[in-house]
Structures are given as structure tokens and as C-alpha cells.
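First up is the structure itself, then whatever we jot down about it.
Read-outs: derived from the displayed coordinates by stated rules, not from any lab. Being a predicted model, the structure only gives us computed values, none of them experimental. Glycine gets a Cβ as well: all are built from the backbone with ideal geometry, and neighbour counts include every protein chain shown.
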Amino acid sequence: VVQGYEDGTFRPDQEVTRAEALKMILVGSGVEIPALDTYEFPFSDLENDGWYLSYLNEGYSSGIIDGYDDGTFKPHQTINLAETLKMLLLAQGTTVEDPDSDPFADVDMGVWFAAYADYAKDLNLIEAEDDGLMHAEQNVTRAELSEIMYRLMYIEENGLDEFDIS
């Protein structure tokens, strides 16, 4: 699911781009990525030979990703925690429901990612930071994305209701 670099390193503290996160999530979710001969995306900022195009095609056609209001996808932009949770849970086919209360002190129940944050909190996929906040805007590192994916896979493989953080 997670690969290192050609120099034999993993770089756990390196922040993940949107394209890298999409690849990790799709591969980790067992989504088959067909070869891409031609493509047509509504995004204006993609390279014609981008390594990520087949992943983007699958993610877009499956409804896992969408772009920004300005018509871009920003494949090389780092991904934040809110975007990560949405991509991961959509790739898993998870149904989330709007929460009845704020999932975290810094996540109002009315924001677009509240249902994903609430679901992830309930399953212990994520935990509040030391200050008690989620920090949804925080960029995700390779280690953090790997941990969230591991927890979700562990829950599913073992038929659990949540990840035991102890």
C-alpha cells in the first residue's frame, strides 16, 4: 500500500500531496486502477504526462474526488486532514451522517467535512491534538496518512466497531 523512495527511505514526516494521497488511498482500498489511454477532466492544471492521471481518472469517475471552484485539482498541493478523511471514507464506500453536535471544538457540525470528522473520531481513526482540537486544516504527513489507513483496515479486517487506541 505504501511505498518508499528509490533511495530506500520512507520519509514519514514529509507532507503528502493531493495526488500522492489519492494513490495511497485507492491502492489501500483495493481499488483496481485501469490503464489510461485517453482522459478528459474538468481540471485545468494537470500535466499531460502526470504519473497520477490514471489514479485521478478512477478517483474522479468514482466520485471520490472533485476539484476546486476555480476548475483546478491542484495535484501537487499538500492535502489537509479534512480532505484526507473525505477521500479515504469515500474510497471505502463508507456512509457518513451529519453529526448532531460538533465533533471537535474546532469543527462546527455545519462544515462540509463534519460528518467525516465525526465518523473518524467515533472509530478512533483520528484523535484530538493535545489542545483538544482536530486541526482539520493541518497538512497530513506520510506517517499520519499511513496510520489512519492502518486503523481503518484493522477495524475492517477484524470486524471491530472501532480502533482500540490502547
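Things worth noting here:
- Rel. contact order, % - alpha carbon contacts under 8 angstrom, at least six apart, the chain: 25 percent
- Over the chain, the ratio between the Cα radius of gyration and 2.2 N^0.38 Å evaluates to 1.04.
- Whole-Å semi-axes of the range 73-144's equivalent ellipsoid (Cα gyration tensor): 18, 15, 12
- Net charge in the neighbourhood of Gln77 (other residues with Cβ under 12 Å of its Cβ; Lys, Arg +1, Asp, Glu -1) is -2.
- Relative to the 2.2 N^0.38 Å rule of thumb, the range 1-92 has a C-alpha radius of gyration ratio of 1.06.
- Magnitude of the charge dipole for the range 1-79, about its Cα centre and with charges confined to Cβ atoms of Lys, Arg (+1) and Asp, Glu (-1), is about 240 debye.
- Alpha-carbon spread of the range 30-69, three principal axes, descending order, Å: 29, 22, 14
- Dipole in debye (nearest 20) - the chain, about Cα centre, beta carbon charges: Lys, Arg +1; Asp, Glu -1: 480 debye
- Value of relative contact order over the range 1-77, rounded to a whole percent, pairs C-alpha under 8 Å and six or more apart: 36 percent
- Taking 14 Å as the cut-off, the amide N atoms of the range 60-82 that come nearer than this to a point 7 Å along the Cα-to-beta-carbon line of Ser44 belong to 68-74.
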